[in-house]
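Each remark here refers to the structure printed beneath this line.
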Amino acid sequence: MSWTAEDEVAILDTIDRFVANEVAPIAREKDLADEYPHELVETMKELGLFGATIGTDYDGLGLSASVYARIVQKISAAWMAPGGIFNSHLIMAAAIERFGTEEQKQRFLPSMAMGELRGGIALTEPNAGTDLQSIGCVARRDGDDYVINGSKMWITNALNGNCLALLVKTDPHAEPRHRGMSMFAIRTKDDEGNLLPGVEINKIKKTCYRAIDTCEVVFTDFRVSANDLIGGEEGRGFQMAVGGLELGRINVAARGAGIAQGALKLALRYAQERETFGKPIIKHQAIQLKLGEMAAKVEAAKLLVDQAARMYDTGQRCDLEAGMAKYFASETGVFCAQEAMRIFGGYGFSTEYEIERYYRDAMLMCVGEGTNELQRIIIAKQLAERDAG
């Protein structure tokens, strides 16, 4: 099935209504209470967001990355956090769809598309983030099973989800190190929602990105079937993780652009309402300079996101484009949130105004799915590689 341009417009119009009626009204309350938005998740299931990029052969919507990125931008312009619920989920789904066996695809993807299985991507560890090859979580073969020991940190969807794409070392002594890395698609809970033996999940309290579960996940002699090894072959986990991060970085870039756009909208409205020295502050040149720069950067960020998403849709390698989009759009989110805070002045620090949430959330996008320092290194290396080629 392929979506027409008219279909895509209709989908985005539906998302606009969803944001206005379901997301925006609860964002401040849920964020301040750090309360998971269960009702919102149910609506997201109905809209098919958990199957947004999953192929139609597996009951997903099969949307292009470019349409998906625009959906993420629209939601993030009102509230950044919900995008993480289906971002991590869809990275896991992409790993299974791109690299998994047909049996694994049939076992996981239709249920994931419906939101019955909700997953995440478990890469980061207490002592291994950007340097994924330094992970210490180990899976040891034991007959027809693997026994997993180790811990993961900052795992989205771990508490309220029920499955994970788990990156481990199956050969801790392999050289180069990435050849000893494998990825499993695992269930962490049974059908009644109870944790399986050998799994412990602890929620992390955060300054930002509240209401969404981010957790430490500890595995102690956790036993999984060899059938859960994605692709059925050891040693390909690093490749799967890096491939999934391209879609993840496009999502984070879209969230950064969404934060920037939302912050600009709030600042523009406030600047027209707030008066100083007898006139709305938007009449003051200092405020105009801020708004003008914010608007230009928002549009540039959106264009970079769209470029990366379109290249991803062609199947081409797009780590350069995704890295540029993620770096620039996330920094633009921070810039616009900071400038909006300055425009709001003292009121920006009141939880009665939503801009403070944008300010808190924005910085996370500079760290998530690979730090912006790493993105600049990726950009430089890719530039050199393409120039040499």
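Out of 387, 361, which single residue is acidic (Asp, Glu) and under 24 Å from the mean Cα position of the chain (by Cα)?
Checking each option against the conditions leaves just 361.
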Next on the checklist: When you check residue 300 against the structure, is it aliphatic (A, V, I, L, M), assigned to a helix (DSSP H, G or I) and farther than 24 Å from residue 82 by Cβ, yes or no?
Outcome noted: yes
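Step by step: first the residues of the stretch 95-127, then only those that are among the small types (Gly, Ala, Ser) and under 19 Å from the mean Cα position of the chain (by Cα), then the one that is nearest to residue 245 (Cα to Cα). Which residue is that? If you could, list the steps in order and put the result at the bottom.
First pass over the stretch 95-127, keeping only residues among the small types (Gly, Ala, Ser): 95, 100, 111, 113, 115, 119-120, 122.
Now narrow it down to the ones that are under 19 Å from the mean Cα position of the chain (by Cα): 95, 113, 115, 119-120, 122.
Values: 95: 10, 113: 19, 115: 21, 119: 15, 120: 12, 122: 12 Å.
By that ranking, first place goes to 95.
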Checklist outcome for this item: How many residues of the stretch 143-177 are farther than 30 Å from residue 36 by Cβ and small (Gly, Ala, Ser)? The answer is 2
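Among the candidates 81, 77, single out the residue that is within 18 Å of the chain's Cα centre (by Cα) and under 17 Å from residue 161 (Cα atoms). Break it down into steps so the answer makes sense when it comes.
Details: 77 fails: under 17 Å from residue 161 (Cα atoms).
Only one candidate qualifies: 81.
Looking at the structure I just gave you, is residue 185 out of contact with any His (no Cβ under 8 Å at 6 or more places or on another chain), open to solvent by less than 30 Å² (accessible area, probe 1.4 Å) and either over 18 Å from residue 225 (Cβ atoms) or assigned to a loop (DSSP other than H, G, I, E, B) (or both)?
Values: out of contact with any His (no Cβ under 8 Å at 6 or more places or on another chain): yes; open to solvent by less than 30 Å² (accessible area, probe 1.4 Å): yes; either over 18 Å from residue 225 (Cβ atoms) or assigned to a loop (DSSP other than H, G, I, E, B) (or both): no.
Against the criterion (out of contact with any His (no Cβ under 8 Å at 6 or more places or on another chain), open to solvent by less than 30 Å² (accessible area, probe 1.4 Å) and either over 18 Å from residue 225 (Cβ atoms) or assigned to a loop (DSSP other than H, G, I, E, B) (or both)), residue 185 does not qualify.
Among the β-branched types (Val, Ile, Thr), farther than 26 Å from residue 372 by Cα and surrounded by 16 or more Cβ atoms within 10 Å (Cβ to Cβ): is that true of residue 282 in this structure? Steps first, answer last, please.
Numbers: among the β-branched types (Val, Ile, Thr): yes; farther than 26 Å from residue 372 by Cα: yes; surrounded by 16 or more Cβ atoms within 10 Å (Cβ to Cβ): yes.
Answer is yes for this residue.
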Item to check | Cβ-Cβ under 7 Å pairs, at least 6 apart or on other chains, the stretch 47-72 side farther than 16 Å from residue 303 by Cβ, far side among the basic types (Lys, Arg) and in a helix (DSSP H, G or I) | outcome: 58/105
Checklist entry - Looking at (1) crowded, with 21+ Cβ neighbours inside 10 Å; (2) in a loop (DSSP other than H, G, I, E, B); (3) not basic (Lys, Arg), which is the only condition residue 245 fails? => result (2)
Checklist entry - Does the stretch 114-155 hold any residues that are assigned to a strand (DSSP E or B), within 25 Å of residue 192 (Cα to Cα), of a type outside the set (Phe, Trp, Tyr) and open to solvent by less than 20 Å² (accessible area, probe 1.4 Å), and which are they? => result 119, 120, 122, 147, 148, 152, 155
Item to check | Scan of the stretch 200-233 for residues that are in contact with a strand residue (DSSP E or B) (Cβ under 6 Å, 6 or more places away or on another chain) and of a type in the set (A, V, I, L, M, F, W, C), ordered by number | outcome: 201, 204, 215, 217, 218, 219, 222, 224, 229, 230
Checklist entry - Do we have any residue at all in the stretch 204-221 that's within 22 Å of the chain's Cα centre (by Cα), under 16 Å from residue 186 (Cα atoms) and open to solvent by less than 20 Å² (accessible area, probe 1.4 Å)? => result yes
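The values are calculated or read from the model by the stated rules, or taken from the named source; none is laboratory data. Not measured: the values here are computed from a predicted model. So basically every Cβ, Gly included, is an ideal-geometry build from the backbone, and we count neighbours across all protein chains shown. Please note that ligands, DNA and RNA were not included when accessible areas were found on the heavy atoms of the full protein model with its side chains. Shrake-Rupley method; radii C 1.70, N 1.55, O 1.52, S 1.80 Å.
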